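Coordinate-derived values only; no laboratory data. Predicted, not measured: the structure shown is a model, and the values here were computed from it. Neighbour counts are summed over all protein chains in view; Cβ atoms, including those assigned to glycine, are modelled from backbone coordinates with ideal geometry.
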Amino acid sequence: MIDYSPLIESISTGKLKPWAELLPQQIAQGLSQSRWGDLPQWQAALEQLPDIEPGTVELKANVTIGNAEDCDEETREHLRNALMELHPWRKGPFELFGVHIDTEWRSDWKWDRVLPHLSPLKNRTILDVGCGNGYHCLRMLGEGAHRVIGIDPSPRFVMQFYALKKYLGPVAVDILPVGIEKVPANLQAFDTVFSMGVFYHRRSPMDHLRELKACLRPGGELVLETLVVEGPQGHVLVPEGRYAKMPNVWFLPSSDTLISWLNKCGFRNPRLVDSSVTTTEEQRATEWMRFESLQDFLDPTDAGKTVEGHPAPLRAVFVAEAP
């Protein structure tokens, strides 16, 4: 099993202490075999990972752990097979000892769009909400963050992260198998909070914004990345059925609408810093994610629409400060 004791011990004093006291029970629930029947298979994949010492680690320009020269071909194939047991890999890419994990998303492209608009992450304590397998968490560490805590209720993604962390050693990044509702109310502990690719999955967008604000210390920075639609202030798309084949998409506001919501929830200086149409080069099926992807979600005769006839995915990044 994953050893969370170093994390719990490190946050058992200060503003994160209330959460540290709850974490053992929350982790046990989040990694409960009674809830996740595939959990033994994922744990077995972790146990199959070979022991390899990385000669180099790069987390700033990309996520590269070790070199091909750090192990022989047989060991590398063993590594590759164990990692493939954790399929599908959605966020990335990663390089491990010459194994290229070509993930569904080119998450490095998103990071390159987001990073120029952030306050420096050096020495910051960061929460990444809905972090998936922790790709962006590792990039945050590469920017000099003091500690990064990611949260994601999918144990498969948690296992993917700890497969990577096996080769990183005791770095100050951890991913917890919980959702934001498990974070104690009004914690006000984090210098920066990221919510990327989560907002449109929340039934109550205002509640999500208030939850994010409650995690931030006064003056802390929110980084919110989500799907939006074109339109004036007040315009919101609420898909009655699916959106891009996703059943759990609730609210897609215009950028001006979302800025007004951030203002209403008490954030300071909310601003749109980036907007980009998602392409089939950025999100696509690969050997490491063999299910349907963006190409299958778009109208085959009009790439500007989803298969349901909604506007095609347009992703926007917003930055704001807690009061």
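Here is the list for segment 196-295: GluC sites (Glu not before Pro) lying in DSSP coil, each with at most 12 other C-beta atoms within 10 angstrom of its C-beta, are GLU230, GLU240, GLU281, GLU287, GLU292. Each 20 Å bin, from zero up to the one with the longest distance, holds this percent of the alpha carbon pairs of the chain: 31, 60, 9.
Between GLU281 and VAL171, the modelled labels are 2.7 nm apart [label points 7 Å from Cα along Cα→Cβ]. When each of the peptides 29-41, 191-203 is scored by how many other beta carbons lie within 10 Å of its residues on average, the order from highest to lowest is 191-203, 29-41. If you find the alpha carbon centre of segment 109-177 and of segment 308-323, how far apart are they in angstrom? Value for the Cα centre distance between the two parts: 21 Å. Which residues does the label zone of ASN123 cover in segment 283-323, counting backbone N under 15 Å from a point 7 Å along Cα→Cβ? No residue qualifies, since no backbone N sits under 15 Å from the label point.
Each residue in CYS71, CYS265, CYS137 was given a count of other beta-carbon atoms within 10 angstrom of its own, and listing them fewest first yields CYS265, CYS71, CYS137.
Loop only by DSSP, 11 or fewer other Cβ within 10 Å of the Cβ. Give me the trypsin sites (Lys or Arg not before Pro) in segment 227-301 that pass, ordered by residue number.
ARG290
Working from the Cα coordinates of segment 103-144, the gyration tensor eigenvalues give, after taking √(5λ), semi-axes of 17, 13, 8 Å in decreasing order.
Distance between the 7 Å Cα→Cβ label points at ASP112 and ARG242: 3.1 nm.
The chymotrypsin sites (Phe, Trp or Tyr not before Pro) of segment 256-323 that meet both conditions, a loop assignment by DSSP and at most 11 other Cβ atoms within 10 Å of the site Cβ, are PHE291. In order along segment 133-149, the phi-based Karplus estimate (6.51 cos²θ - 1.76 cosθ + 1.60, θ = phi - 60°) of 3J(HN,Hα) comes to 8, x, 3, 5, 4, 5, 5, 5, 4, x, 8, x, 4, 6, 8, 10, 10 Hz; Gly and Pro are listed as x.
Note that segment 221-227 has calculated 3J(HN,Hα) couplings of 10, 9, 10, 10, 10, 7, 6 Hz, one per residue in order, obtained from phi through the Karplus relation 6.51 cos²θ - 1.76 cosθ + 1.60 (θ = phi - 60°); glycine and proline are x.
On a per residue basis, the convex hull of the C-alpha atoms belonging to segment 2-124 measures out at 154 Å³.
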